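First up is the structure itself, then whatever we jot down about it.
The values are calculated or read from the model by the stated rules, or taken from the named source; none is laboratory data. Treat the numbers as computed from the prediction; the structure is a model and nothing was measured. Cβ coordinates were reconstructed from backbone atoms using ideal geometry, including for glycine residues, and neighbour counts include every protein chain displayed.
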Amino acid sequence: MIPFLSNPEFLRYARSQLRTNKVVPAVVLCLALSVTIGFFALHGKKTSTEDLRMAGSHLLETCFILQALILAVGGGIACLNSIYSEKEHNTFDYQRITRLSSVELTMGKLFGAPLLMYFICLCLTPLTMYAATVAHARSSFVLAAYIALLVASIAFHTLTLLLSLLAVKGSQVSGIILALLVLWLASADISHGFLQIHPLGPFEAAKFATARSWERFAPANVPVDFRYWAVPLTDLFFGRPVYHFGVLLAVDLVLAGWFLVAVLRNIKRDPKQYEIYSPLQFLGLALFLNFLIASFYKAYWATPLDAQSEFLTFDLIIFFFLGVALLRNRERIRSLLHNPEHPASTLWTSVWPAPVLALGTLLAGFTIVARLNYSHNPSGNWSLGFAILRCIVFTLWIVSNLQFMQCMNLRRGKHQLVMAVLYLSIYYICASFFLSAFNSYSDPHNMPIGSLFVPSALFLLDPETWKQGPVLWTIGFVVQLALVTTFFYLQRLQVRRLQRPSISIHSAS
């Protein structure tokens, strides 16, 4: 706490959040809530020791779920409002030009904005300790639950702080919905699918608190009535069981670090000059996410072709959002072109962000192919050459979509990027409905036709489907390459228009 005591931004939030008129009602409400929940959960449960312990376990789980809601959801919304509200009141620009460093400003908002939520969780701790005593919960698991709750909540807070930094006027509700959607996805259990990894959200703390063993199954000495405590606490990392507690801490801390890098990189910049990640940071984050998916992949869950389709679907989401983070607006391009010390190359600016996207998608695709090729026995529909071909076409598809969005983002007018996303969404939704009506995704004879309009049909490209229409498949590849070339040309025209003012001023001088 010593570094925070000298942080003016944290102290500003502390004086605001921990006022008497806020702290006293919070203490009273937590006391009333603790007495009510404790009485409701344990009243009439003294018929036997086993029933009392089971009731205490349910109460302990309820306490951690309640604290996760308060700390993660309440604290996340507080972080989401921290920068957005400053922008609304036109005071954020003043904070940017103060002598506070980006680290001081970021840490002050990250831990200062949700400070009241931390205090409320602290007020609920006595009820949690009482429930743990009644349930005879192990102190090590209760401590692990609090650590998991804290780490997962901080990771979510860093994400909401980044969303708050990137939010524009009128997008607060959209940011809250997006943040809650991410929290819901992080709390969803996908371990029964092709990934053997359990949820990484703060609600996992309830499972750790009520567990009796770190192992996957309950030990033999645990009574049958308490087997529900033995939740699956192991994941499969490259086929080897690892404790889920360590996985949750490692993944959440790494993700929190990536979100913090983006905030620290941009919080002192002019909003018109935001660039969320550098090319190397983009590649690092993209490869980390792909490594995460490949490492927890459950081998033999599906055929290699189906597994690659699942991986490419994940990569479609990953590279779309990360690709959007690479896009540059008109002001950013103009500042790079007119930089007197290191002016950006016109050619490099005209093809941005295609080189970085292509390198990232190819590296990720080849990583997936290597993982599947060495973890599966050869099957009838698996071909190493076609797997590499699918990765190359997937790269062209991602680059063409993001290059179109970059071209739109350089046009004059407001919300051009939003319009680009809207155009793409409408096109793919309409095309998917029409192609589904003609069975272009299920009938091998119609797949080559579907690839001309929606390249996702390429996810099922194998030697058998290739024979149904090699000419149409080839045309689909050429169409994607032609789209990329066209968008390069259009973007080059936009870049030249942005470069003209500097040329005229220079010639006049």
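Miscellaneous remarks
- Elements of type helices (runs of 4 or more DSSP H) contained in the stretch 390-509, each with 2 or more residues being aliphatic (A, V, I, L, M) and at pLDDT below 85: 416-437, 447-450, 470-508
- Condition met for Leu80 (under 26 Å from the mean Cα position of the chain (by Cα) and free of Cβ contacts under 8 Å to residues at least 12 places away in the same chain): no
- Residue satisfying all of: in the stretch 244-256; modelled with pLDDT under 90 and out of contact with any strand residue (DSSP E or B) (no Cβ under 6 Å at 6 or more places or on another chain); nearest to Leu149 (Cα to Cα) among these: Phe245
- For Lys272: the one exception among (1) closer than 18 Å to Leu236 by Cα; (2) of a type outside the set (A, V, I, L, M); (3) surrounded by fewer than 16 Cβ atoms within 10 Å (Cβ to Cβ): (1)
- Residues (crowded, with 16+ Cβ neighbours inside 10 Å and either assigned to a loop (DSSP other than H, G, I, E, B) or without any contact (Cβ under 8 Å) to a residue 60 or more places away in the chain (or both)) located in the stretch 331-352: Leu336, His338, Ala344, Trp352
- Boolean, Leu396 is within 30 Å of Arg328 (Cβ to Cβ) and surrounded by 16 or more Cβ atoms within 10 Å (Cβ to Cβ): yes
- Residue check: Ser278 meets all listed conditions (1) among the small types (Gly, Ala, Ser); (2) modelled with pLDDT of 90 or more; (3) surrounded by fewer than 20 Cβ atoms within 10 Å (Cβ to Cβ) but one, namely (2).
- Being more than 22 Å from Lys207 (Cα to Cα) and either modelled with pLDDT under 90 or surrounded by fewer than 19 Cβ atoms within 10 Å (Cβ to Cβ) (or both) holds for only one residue in Leu260, Leu283, and it is Leu283.
- Inspection of the stretch 203-226 finds no residue satisfying the criterion of being closer than 20 Å to Thr62 by Cα, modelled with pLDDT under 85, assigned to a helix (DSSP H, G or I) and out of contact with any helix residue (DSSP H, G or I) (no Cβ under 9 Å at 6 or more places or on another chain).
- Test: residue in the stretch 81-96 that is over 14 Å from Ser164 (Cα atoms), surrounded by fewer than 18 Cβ atoms within 10 Å (Cβ to Cβ), of a type outside the set (D, E, K, R) and modelled with pLDDT of 90 or more: no
- Ala131 being in contact with a Lys or Arg (Cβ under 7 Å, 6 or more places away or on another chain), over 20 Å from Gln172 (Cβ atoms) and part of a helix (DSSP H, G or I): no
- So Ser187, is it polar (S, T, N, Q), under 17 Å from the mean Cα position of the chain (by Cα) and surrounded by fewer than 21 Cβ atoms within 10 Å (Cβ to Cβ): yes
- Identification of helices (runs of 4 or more DSSP H) wholly contained in the stretch 1-60 with 2 or more residues that are small (Gly, Ala, Ser) and modelled with pLDDT under 85 yields 20-42.
- Failed item, numbered, when Thr486 is tested on (1) of a type in the set (S, T, N, Q); (2) out of contact with any His (no Cβ under 6 Å at 6 or more places or on another chain); (3) in contact (Cβ under 8 Å) with a residue 24 or more places away in the chain: (3)
- Taking the listed residues Ser309, Ser295, the one that is in contact with a strand residue (DSSP E or B) (Cβ under 6 Å, 6 or more places away or on another chain), surrounded by fewer than 21 Cβ atoms within 10 Å (Cβ to Cβ) and among the small types (Gly, Ala, Ser) is Ser295, with no other qualifying.
- Residue match in the stretch 44-55 (condition: of a type in the set (Lys, Arg), without any contact (Cβ under 8 Å) to a residue 24 or more places away in the chain, within 16 Å of Tyr130 (Cα to Cα) and surrounded by fewer than 18 Cβ atoms within 10 Å (Cβ to Cβ)): yes
- Residue ID - modelled with the highest pLDDT, chosen from residues in the stretch 134-145 that are part of a helix (DSSP H, G or I) and surrounded by fewer than 18 Cβ atoms within 10 Å (Cβ to Cβ): Leu143
- Qualifying residue in the stretch 300-314 (condition: part of a loop (DSSP other than H, G, I, E, B) and of a type in the set (Val, Ile, Thr)): yes
- Residues of the stretch 435-471 satisfying the condition of being within 16 Å of Arg390 (Cβ to Cβ) and in contact with a Ser or Thr (Cβ under 7 Å, 6 or more places away or on another chain): Pro444, Met447, Gly450, Val454, Ala457, Leu458, Phe459, Leu460, Asp462, Pro463
- Inter-residue pairs, beta-carbon under 8 Å, first on the phi < 0 side of the Ramachandran plot and β-branched (Val, Ile, Thr) and in the stretch 90-109, second surrounded by 17 or more Cβ atoms within 10 Å (Cβ to Cβ) and part of a loop (DSSP other than H, G, I, E, B), 6+ apart: Thr106/Ile267
- Residue match in the stretch 353-365 (condition: part of a loop (DSSP other than H, G, I, E, B), touching a residue at least 40 places away in the same chain (Cβ under 8 Å), touching a helix residue (DSSP H, G or I) at 6+ places or on another chain (Cβ under 6 Å) and surrounded by 18 or more Cβ atoms within 10 Å (Cβ to Cβ)): yes
- Look at (1) out of contact with any Lys or Arg (no Cβ under 6 Å at 6 or more places or on another chain); (2) touching a residue at least 60 places away in the same chain (Cβ under 8 Å) and you find that Lys268 fails only one, number (1).
- Any chance Arg328 is basic (Lys, Arg), at pLDDT below 90 and not in a helix (DSSP H, G or I): yes
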